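Down below is the structure, laid out as structure tokens.
Nothing in this text is a laboratory measurement; each read-out follows from the coordinates by a stated rule. Quick caveat, the model's predicted, so the values are computed rather than measured. A quick note on method: Cβ atoms are made from the backbone with ideal geometry, for glycine too, and the neighbour counts reach across all protein chains shown.
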């Protein structure tokens with residue numbers, strides 16, 4: 001029996017579930033979890049503490065104290081972009097090869113049918 005795709009009402013938790021499932025499928029669940037934890041911590045902070053935190057981070061960046069973290073963030077972003085580009089490229093190539101295979105199989109089938117008559 002075919003499995004039916006039941007649609008649930010779209011709400012915030014449904015969105016979070018869809019994002020988490022997509023990140024697990026693409027192997028990016030750890031990044032999603034870490035980002036969600038950081039966002040949750042910032043969300044729960046008082047407004048004046050967020051301002052202090054932002055100023056401390058900017059000062060440390062200017063002084064070069066957290067340059068490694070910034071470069072690490074750039075490397076992770078580069079990895080993310082590269083993975084997306086590679087995934088799209090590989091998908092396109094697989095589709096092209098499948099189309100070429102199907103075309104060749106159809107041509108060979110026609111040749112076999114015409115030679116057997």
- One point scatterer per Cα, no solvent, Debye formula: log10 I(q)/I(0) for region 67-117 at q = 0.23 Å⁻¹ comes out as -0.82
- With a bin width of 10 angstrom, please list the P(r) values of region 32-101 as percents of all Cα-Cα pairs, from the 0 bin to the one holding the largest distance. 16, 27, 27, 14, 11, 5, 0
- Query: Per residue of the chain, what 222 nm ellipticity follows from adding -39500 (n - 2.57) for every DSSP H run with n ≥ 4, rounded to the nearest 500?
  - Reply: -29500 deg cm²/dmol
- Query: Helix 67-116 sits at what angle to the longest principal axis of the chain, using alpha carbons and giving 0 to 90 degrees rounded to 10?
  - Reply: 10
- Message: If you split all Cα-Cα distances of the chain into 5 Å bins from zero, what percentages do you get per bin, shortest first?
- Response: 2, 8, 8, 12, 12, 12, 12, 8, 6, 5, 5, 4, 2, 2, 2, 1, 0, 0
- Task: Assuming R0 = 41 Å, can you tell me the calculated FRET efficiency for the pair residue 39 and residue 89, based on Cβ-Cβ distance, to the nearest 0.05?
- Result: 0.85
